[in-house]
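The values are calculated or read from the model by the stated rules, or taken from the named source; none is laboratory data. Because the structure is a prediction, the values reported are computed rather than measured. Note that we place each Cβ from the backbone using ideal geometry, even for glycine, and neighbour counts take in every protein chain shown.
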Amino acid sequence: QKGGPYPAVIILHEWWGLNSHFQDLAYRVAQHGYVALAVDQYSRIGGAVTGDPELAAQLMGKVKTADLLHDLNDAAEYLNFQDYVKKNRIAVLGFSMGGSHSLSFACARRQLRAAVIFYGHVPTEKLSTLRCPVLYHQAENDESVTEQEVDHLVSALTANKVMCEVHKYPGTAHSFFNATRPDVYKEEAAAEAWSRTLAFLDKYILADHPGVRPLPDSQRVR
């Protein structure tokens, strides 16, 4: 679309690779009024998309976090140099593996305005450097991410006076947002999580908001 500049959202996929689900998600983000950049986290190993969990686990195991964080920082700087992007009005949106990497990226890049995480592991040892507001979508019955990890995220960010909003979705399992996974997809929970995601992004990267703020008890939704 003409006009701009616009805020931007970097999107990080699950361990399946940058498949059509996450490409479509980038279009949905763009339709809402943001520049969307979906990053292939497997680009350094040739790029891959799979529906086989064993192969997906192998691919994920080959990703070197330090290299990926370097690439994500380059992606953010690339966005900053585009005339149609508002400089440093950038958020990260990640799912599962991509959610874990999104949290690590938010810890490493202080200029991020917001991070939205869908059921990602929490890098507990890095949280002291995280300064942007975080929205975390938690599955009620998550066999991958523990309750203790999410609790640690909340307590660490609360101690640092960083906004952390957590929503737990009843009756859901890991990857409940992924419509290509009929075994776990929950339409109602996914719609609610998406509505909250857009509202959060609008608040922290669309508006002139300072970003770091204390965490009122009323905004800790579990």
| With respect to VAL134, is the statement that it is modelled with pLDDT of 95 or more, touching a Leu at 6+ places or on another chain (Cβ under 8 Å) and over 27 Å from VAL49 (Cβ atoms) true? | yes
| task | Hey, can you tell me all the residues within the stretch 157-177 that are without any contact (Cβ under 8 Å) to a residue 60 or more places away in the chain, in contact with a strand residue (DSSP E or B) (Cβ under 9 Å, 6 or more places away or on another chain) and assigned to a loop (DSSP other than H, G, I, E, B)? | result | VAL162, MET163, PHE176
| query | Applying the selection to the stretch 4-25, what residues are closer than 15 Å to PHE118 by Cβ and crowded, with 19+ Cβ neighbours inside 10 Å? | reply | VAL9, ILE10, ILE11, LEU12, HIS13, GLU14, TRP15, TRP16, PHE22, LEU25
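Looking at the stretch 132-156, which of its residues are in a loop (DSSP other than H, G, I, E, B), free of Cβ contacts under 8 Å to residues at least 60 places away in the same chain and buried (at least 17 other Cβ atoms within 10 Å of the Cβ)?
ASP142, VAL145 - these are the residues of the stretch 132-156 that are in a loop (DSSP other than H, G, I, E, B), free of Cβ contacts under 8 Å to residues at least 60 places away in the same chain and buried (at least 17 other Cβ atoms within 10 Å of the Cβ).
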| query | Do we find that TYR119 is hydroxyl-bearing (Ser, Thr, Tyr) and within 15 Å of the chain's Cα centre (by Cα) in this structure? | reply | yes
| Of (1) exposed (fewer than 15 other Cβ atoms within 10 Å of the Cβ); (2) closer than 16 Å to SER96 by Cα; (3) polar (S, T, N, Q), GLN41 satisfies all except one. Which? | (1)
